[in-house]
1. Which one of Gly212, Pro353, Ser202 has its Cα pushed farthest toward the positive end of the charge dipole of the stretch 199-365, where Lys and Arg give +1 and Asp and Glu give -1 at the Cβ?
2. More than 13 Å apart: what percent of Cα pairs in the stretch 233-291 qualify?
3. In the stretch 292-370, what GluC sites (Glu not before Pro) fall in a loop by DSSP, with at most 15 other Cβ atoms inside 10 Å?
4. Students often get this wrong, so check it: of Lys46/Lys356; Lys116/Lys342; Lys322/Lys348, which have C-alpha atoms separated by over 25 Å?
5. In what sequence, highest mean first, do 335-346, 80-91 appear when ranked by Cβ atoms within 10 angstrom?
6. If r is the Cβ-Cβ distance from Ala125 to His340 and R0 is 30 Å, what FRET efficiency results, to the nearest 0.05?
7. Check Val132: other-chain or 5+ apart residues with amide H under 5 Å from its amide H, H built from backbone geometry?
8. Above 16 angstrom, tally the Cα pairs of the stretch 31-119 and express them as a % of all pairs, no decimals.
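Computed from the coordinates by the stated procedures, all read-outs in this text should not be read as laboratory data. These numbers were taken from a predicted model, which means no experiment stands behind them. Quick reminder, even Gly has a Cβ in these numbers, built from the backbone with ideal geometry, and neighbours come from all protein chains shown.
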Amino acid sequence: MSADSPIRPLPPGSTIGMIGGGQLGRMAAQAAAQLGYLVHVFSPDKDGPAAQVSAAVTVADYSDQAAIEAFARTVDVVTFEFENIPAESVRRMASHVPVRPCWSVLEVAQDRINEKRFFASIGVATAPWREVGSLAELTAAVAEIGRPAVLKTARLGYDGKGQVKIGPDTDLAEAWNALGAGLKSAGAGVLEGFIDFEGEISVIVARGVDGGWAAFDPVWNIHRDHILDTTTAPAPILPQMAEAAMDIAHRAAEALGVVGLLAVEMFVTKDGLLVNEMAPRPHNSGHWTMDACVTDQFEQFVRAVCGLPLGSPERHSDAEMKNLIGDDVDQWLTILGDPHAKLHLYGKAEARPGRKMGHVNRIRPRSDLG
Ligand code: AMP
């Protein structure tokens, strides 16, 4: 039996169990505190960004069932800022306490193959793809899909990790070996046709316990070295496309029965939208909402997970979010010298290359209201 039967809002003073201890958990914990909740973080890292601002921390591996059990007994609801945790851990927690979103959502989102099958099942297009489990299958798949293409691990890839581009001259054995170690732990690979996109957008939708929903405006994302660099809100796309993108995110959240947030990343092509991937949690491309919306993605996340009414996602300002990656964070004082820049730092001690250290939002009056 699921522990998630009664649709009663959790009262302020309750404790939200947060799986994962990174910056998304940190900003969610800050929003939770604003609404009077406590956060108990479960993370393998002792001093991570979320632990620094939370009431309690369990430091343990995501597969440590004794620690998971003890954690679930001390919290009123469980949610995730990181979704790659074992099924058994989620099952164990769900026998004690509501887990939002539920395991079936994580199961789809953990695996690119499940994700693509899911989107096909609701009539939403993705890039052409083939599951590949061996070099022979990769060779056959490249013959079908053509070059250029991208080979990705089905599981555990993020920020471009676990993927290799297959160009006109790429040796397939080399590409296969390049992902070899990743493929071993991730189980399978996916070959995707390379999309010659005009741009990349994302939509974040919130869905409450009662099925009510609210979507943030679609935004335009630019990646640098496979990592999100800037997000512009709103995305410079036609209103019909913005509506189509929000509809895809809403239908996906509905079909999955998400309680919480669902972020859906899409390619804009000359023939329309193709879904790239999704994440059932707050998302880097939603950080602009912190300074430009009536309710930001973190507050919305807390509201959904605690069974509260959702807030308005209305964009009161246009915004640009710039990620501070690695050494970019050294600019903190210069950024603060701009009185209109809103700086958000994650409390990470070491600025390693490629590491997300913070972000800065710059807002301006809405351009579409005249
Ligand atoms: P992902 O980890 O799937 O989000 O990929 C990271 C980034 O790589 C995306 O945001 C795109 O910029 C690029 N990318 C991924 N898959 C494709 C594809 N099939 N075609 C073109 N670019 C891609």
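1. Final value for the positive-end residue is Pro353.
2. More than 13 Å apart: 65 percent of the Cα pairs in the stretch 233-291.
3. Glu314, Glu350
4. Where the Cα-Cα span goes over 25 Å, the pairs concerned are Lys116/Lys342.
5. So the order, starting with the most tightly packed, is 80-91, 335-346.
6. Approximately 0.15, to the nearest 0.05.
7. Gly189, Val190, Leu191
8. Here the tail beyond 16 Å accounts for 56 percent of pairs.
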